[in-house]
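Remarks on the structure that follows.
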Amino acid sequence: MITCAALAAAACGSSSSPSTPAKPTGTANLAAASSLSFLNEKVIGPSFTKAEGYKYSGTYNASGALESDIASGEISPNVFESVGGDNITPLFPKFTKWYVQYAGTSIVVAYNPNSKYASEFKAFADGSKPLSGLFTLMETPGFKLGRTDPNIDPQGRDFIYMLELAQSYYHLPSDTVARILGTSDYGSSSSSEIYSEESLPATLQSGQLDASSAFITEAIELHLDYIPLPPAINLGDMSLAAQYQTASVTITSNGAPVTKHGSPQVIDITLIGKPTPAGIAFVKYTLSSTGLALYKTGGFTLYPLAVTGDKSAIPAAIQSELGT
């Protein structure tokens, strides 16, 4: 027989012990540009899990390829991070209705320190040789250059925009870009210079290339030697958006030609599909002061948070980071 005293003791014990919050369950499944893989895998993901308790999983590829994979149902992430919003807007309104711009990067020319052109690269990097000479050097027969596919990867397009801007900025011959790319069809994906975004840094480091395209953040994180470029051509200055717009490339999208124009290189984030607690928490964490500080440490430029699309569709927890 249970005594009244025992029942009272049990009642007291249950009322005086604070309830333990349920441990967060679920995974933030992120699809992100390959250039963001190091930061997400080594820094953001682990920090997010430690702070919020949710698991983290990342899939990385060119932003355009991820867009296609999401649209076709091949992958079903709950968060998408893209370089440039033009790889998110085609997913409106079925998969998402909004995205937030929060950080930026810029283009550099990465190089192999063991290349036969290494001394010249170093001279361009430290300013002891005029940077205009870099573009003449890249025209050299036998020069091994690596870049990514402009049809699916923003970096591939950015590199072409950079070359077009440099041709004008340094008053180079009108065929400079074509000679560097090895073709007058800038949107071609069949060039021997083209590598996947995820394999390009390793191909450069292995010695198979003399130089390659890269984002400065990627070069810093992967400890690549690189040549910094001036704001007039590096796509990293918001105030020069109109100037960047003058560069263009015609690519093939869904079987049809589409002309894209240069713009400051920004990182955008959104939720995909029905919002999940883990996905919401990841976007909120990324846009928080803590998350943004990690991006800044990773070499990214922080921009004021800016929403494109239907702001009312953004979950309240994320809107709280937007100051709304």
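All of the numbers you see were taken from the coordinates with simple rules; none came from a lab. Please read these numbers as outputs of a predicted model, since none were measured by experiment. When we count neighbours, we look across all protein chains shown, and the Cβ atoms used for this are built from the backbone with ideal geometry, even at glycine.
Things worth noting here:
- Index of the failed condition, ILE75 passing every other in (1) in a loop (DSSP other than H, G, I, E, B); (2) over 27 Å from ALA202 (Cα atoms); (3) out of contact with any Gly (no Cβ under 7 Å at 6 or more places or on another chain): (2)
- Within the stretch 196-231, the set of residues being in a helix (DSSP H, G or I), farther than 13 Å from ASN112 by Cα and of a type in the set (A, V, I, L, M) comprises ILE216, ILE220.
- Taken over the stretch 306-324, the residue count meeting the criterion of being part of a helix (DSSP H, G or I) and closer than 10 Å to LYS97 by Cα is 3.
- Selection from the stretch 152-163 of residues that are more than 13 Å from LEU229 (Cβ to Cβ), charged (D, E, K, R) and in a helix (DSSP H, G or I): ARG157
- When residues in the stretch 298-324 are screened for being within 21 Å of SER47 (Cβ to Cβ), free of Cβ contacts under 8 Å to residues at least 40 places away in the same chain and of a type outside the set (A, V, I, L, M), 2 of them pass.
- For the stretch 177-187, the criterion of a residue being closer than 26 Å to PRO257 by Cα, part of a loop (DSSP other than H, G, I, E, B) and in contact with a strand residue (DSSP E or B) (Cβ under 7 Å, 6 or more places away or on another chain) is satisfied by at least one position.
- Selection within the stretch 78-89 - under 22 Å from HIS261 (Cα atoms) and assigned to a loop (DSSP other than H, G, I, E, B): GLY84, ILE88
- Elements of type strands (runs of 3 or more DSSP E) contained in the stretch 232-294, each with 2 or more residues being crowded, with 21+ Cβ neighbours inside 10 Å and touching a residue at least 60 places away in the same chain (Cβ under 8 Å): 248-253, 265-271
- Annotation note: Cβ proximity below 9 Å between a residue of the stretch 215-227 that is in contact (Cβ under 8 Å) with a residue 60 or more places away in the chain and a residue that is surrounded by fewer than 22 Cβ atoms within 10 Å (Cβ to Cβ) and basic (Lys, Arg) (sequence gap 6+ or interchain) occurs for GLU221/LYS42; ASP225/LYS122; ILE227/LYS122.
- Filtered residues of the stretch 162-205 (kept if exposed (fewer than 15 other Cβ atoms within 10 Å of the Cβ) and more than 23 Å from the chain's Cα centre (by Cα)): HIS171, PRO173, SER174, ASP175, GLY182, THR183, SER184, ASP185, SER190, SER192
- Qualifying residue in the stretch 91-113 (condition: surrounded by 21 or more Cβ atoms within 10 Å (Cβ to Cβ), without any contact (Cβ under 8 Å) to a residue 40 or more places away in the chain and not charged (D, E, K, R)): no
Residues checked against (1) closer than 22 Å to GLY236 by Cβ; (2) of a type in the set (Lys, Arg); (3) touching a helix residue (DSSP H, G or I) at 6+ places or on another chain (Cβ under 7 Å); (4) assigned to a helix (DSSP H, G or I):
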residue: LEU30; (1), (2), (3), (4): no, no, yes, no
residue: ILE44; (1), (2), (3), (4): yes, no, yes, yes
residue: THR59; (1), (2), (3), (4): no, no, no, no
residue: ASP69; (1), (2), (3), (4): no, no, no, yes
residue: TYR99; (1), (2), (3), (4): yes, no, yes, no
